[in-house]
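Read-outs throughout are calculated quantities, based only on the coordinates presented, and are distinct from any laboratory measurement. Here the structure is a predicted model, which means the values were calculated and not measured. Virtual Cβ from ideal backbone geometry, glycine too; neighbours counted across all protein chains shown.
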Amino acid sequence: GLHARASDCARACLGLQPAQPLAHFLLSQLCRRQHQQQAAWQHIQAAWHGLLAQAPQPQVVHLEVLNRLLALLGIRQQYEHFPPWLATFERFHADLEPAALSDIQYRRLRESEGEYALAQALYLAQAPSVTQTTEILEQQLRYFAQAIDQGSPSTRHVALHRQAETL
């Protein structure tokens, strides 16, 4: 019942500040864990739009929200929406100033890059529009290797399993 209680608390926070992107981000994560994919999708979109309104300059949190958005697209099997969001991640990543990041922010950046690599690999593996050729499989393996190298422990875990399945 902790997820439900945490969701109730996040909703109460949103009752006080409806445009708070981090509360939407948290609620999206909680909804996803409770298999409420539609609600998770709505909250991650609200988080993205709220974050852009509050902090239009690229920050690590933008990449983290984009990664959650990509994960939800994959869960919902909406692969046709991946290319524009992949391009958005690339644009925000390119505009981010790594030299201005603290050590913690830099670690979060690397983990975001790893999670993004995993999202790309999974997109290539699952999108019906992507023909599985040797080149695509090699590219997937490179993305899995990057996810293993840079990702958080949970990202590395998923990437290792998917890499083994692909091999």
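What do you reckon, is Gln77 more than 20 Å from Gln150 (Cα to Cα) and not in a helix (DSSP H, G or I)?
Details: more than 20 Å from Gln150 (Cα to Cα): yes; not in a helix (DSSP H, G or I): yes.
Considered against the rule, which asks whether it is more than 20 Å from Gln150 (Cα to Cα) and not in a helix (DSSP H, G or I), Gln77 comes out as yes.
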Item to check | Residue, farthest from the chain's Cα centre (by Cα), within the range 143-167, restricted to residues that are of a type in the set (Ser, Thr, Tyr) and closer than 13 Å to Leu124 by Cβ | outcome: Thr166
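Table: residues versus (1) crowded, with 18+ Cβ neighbours inside 10 Å; (2) in contact (Cβ under 8 Å) with a residue 24 or more places away in the chain.
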| position | (1), (2) |
| --- | --- |
| Gly1 | no, no |
| His24 | yes, yes |
| Ala46 | yes, yes |
| Arg76 | no, yes |
| Glu80 | no, yes |
| Thr88 | no, no |
Checklist entry - Going by the conditions given, is Ala46 out of contact with any Pro (no Cβ under 9 Å at 6 or more places or on another chain), aliphatic (A, V, I, L, M) and part of a helix (DSSP H, G or I)? => result no
